[in-house]
1. As a test of reading the structure, rank T48, T242 by solvent-accessible area (1.4 Å probe, protein chains only), most first.
2. On the accessible surface of the stretch 288-419, probed at 1.4 Å, how many percent belong to carbon and sulfur atoms?
3. Just read off the accessible area of M264 with the full protein assembly in place, 1.4 Å probe, to the nearest 10 Å².
4. Which of the chymotrypsin sites (Phe, Trp or Tyr not before Pro) found in the stretch 63-165 are loop residues per DSSP with 16 or fewer other Cβ atoms within 10 Å of their Cβ?
5. In straight Cα distance, which lysines are under 24 Å from K167, not counting same-chain residues fewer than 8 positions off?
6. Longest span of the chain, sites excluded, free of GluC sites (Glu not before Pro) in DSSP loop with at most 11 other C-beta atoms within 10 Å?
7. Mind checking the angle between helix 6-18 and the chain's longest principal axis? C-alpha axes, 0 to 90 degrees, to the nearest 10.
8. Output the 0 to 90 degree angle, nearest 10, between the alpha-carbon long axis of helix 69-84 and the longest principal axis computed from the alpha carbons of the chain.
Amino acid sequence: MITYDKRFLVWWGLSLFLFQLGSRRQLDFDLDAHGTQVLPNLNRLAQTQQDTRPVHKTLNHFLGHTGAAPYARLRTQMLQRLIRMKALDAARLQGHLVAALDATGHVAFRYHHCPHCLVYQHPHHTSYLHQVLEAKLLGPAGLALSMGSEFIENSDALPSASDDQRKQDCELTALSRLLPALRRDFPQLPLCLAGDGLYACGRTLELAQKHQCAYVLSFKPGRLPATWDEFQRLLALCPENTLQRRTAEGAEQIYRWVHELSYMDDQGRTWSFHAIQCQETIDNQTTTFAWITGLKVNKQTVVDVATKGGRHRWHIENQGFNRQKNSGFNLEHVFGTDPEMLKAYYYLLQLAHILLQVLEASSLLRQLAAECGRTPAQLFGSLKNIARRLLECFRYFILADDAFDPHQAARIQIRLNSS
Ligand SMILES: [Zn+2]
């Protein structure tokens with residue numbers, strides 16, 4: 001019987017997502033040790049001396065044994081390191097790092113998979129879903145780095161609720177677990193929560209206050225109708241709160257804002273916040289966006305609040321969920337059997353995506369591309385291609401000694417592309 005070192009098995013698991021192999025079985029083929037440098041490279045990364053590499057089933061066995069928690073801790077350490085290095089500082093908003101909130105589907109079954117499944121009745125079938133509420137730290141260069149994950153479980157749902165009501169209820173219930181966990185992992189970090197209209201309610205405001213978070217939340221007439229009407233009435237009374245600008249892309253934007261708008265929530269509590277409206281016109285098409293926030297809003301700050309706190313929230317959808325689902329990460333693939341194992345795979349995916357995002361946005365890759373007279377996008381085309389090139393290197397080249405020299409590494413300055 002072979003005993004594998006834990007570090008070795010964690011790198012084996014990370015490889016699944018770093019190289020975007022798509023399924024666990026693919027480990028056996030793409031990371032075959034025969035005729036490749038896979039085994040020595042894995043040993044170098046893990047600082048081990050294994051004589052063979054495991055088979056894919058070993059990974060399930062291992063993750064079933066460790067559970068998900070160690071990978072969540074590893075993620076926290078990675079982000080703490082990036083924050084300490086000030087690598088994300090260009091994205092700060094009035095001193096805060098911005099955490100975008102949103103939920104997404106994780107895995108779906110046609111059968112009752114486990115007691116935690118969320119059950120959805122459709123006209124002709126029933127689906128059983130696992131969902132997760134994510135907090136993703138927004139960095140420069142469009143980075144959306146997973147910093148908190150709260151799995152949405154059956155007990156979060158009101159059984160009789162409509163789909164909309166259930167979605168709202170589930171996400172807000174999960175948020176009341178997510179925020180204390182974020183504060184435990186990042187106790188001192190000035191954080192600003194960014195969420196869509198669903199989060200614009202007393203429950204989020206209460207949680208934000210309790211856990212000392214600033215917020216920028218989408219403001220929709222349908223979600224807070226009375227407050228919206230009051231907002232529109234007050235806007236007419238303060239025409240001086242206006243800023244007009246043309247963006248680099250040629251869009252005309254008119255920002256208008258109101259201070260100290262008052263809102264009574266469904267518990268009868270009264271809250272006060274500032275509200276911003278942005279009317280953007282591109283090719284004669286005008287779109288209106290609006291947000292509520294406790295951050296300072298004036299002519300100097302309004303664009304920053306609406307951009308870094310408001311619009312960059314979309315990165316959680318594009319850079320975050322879409323890429324994890326529609327690339328070789330294969331987020332919705334059922335990598336493991338039981339719920340805890342699924343969570344462990346989920347965290348491994350997040351770890352790999354953090355590594356790849358930082359690689360993709362870093363000055364090292366830009367330098368490499370520049371040596372070929374190109375940009376990274378011209379050289380690789382996509383993140384998926386970067387993962388494929390990484391796999392080729394991992395299979396056929398021995399990782400160089402100097403890559404493991406901490407003194408040499410300390411001399412390399414990595415900057416994230418913030419243009
Ligand atoms: Zn389940």
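The values are calculated or read from the model by the stated rules, or taken from the named source; none is laboratory data. All figures in this text were calculated on a predicted structure; none of them were measured in a lab. Here the Cβ is made from the backbone with ideal geometry for all residues, glycine too, and neighbour counts use every protein chain on show. Surface areas here come from the heavy atoms of the whole protein model, side chains and all, with no ligands, DNA or RNA. Shrake-Rupley method; radii C 1.70, N 1.55, O 1.52, S 1.80 Å.
1. On the way: T48 15, T242 40 Å².
Correct descending sequence by accessible area is T242, T48.
2. The computed percentage sits at 54.
3. 130 Å²
4. When the chymotrypsin sites (Phe, Trp or Tyr not before Pro) of the stretch 63-165 are filtered for loop state and at most 16 Cβ neighbours within 10 Å, Y111 remain.
5. Cα-Cα hits under 24 Å: K136, K210, K220, K325, K343.
6. Values: sites that count: E240, E249.
Excluding the exposed sites themselves, the longest stretch runs over 1-239.
7. The helix 6-18 is inclined about 60 degrees to the chain.
8. Tilt relative to the chain: about 70 degrees.
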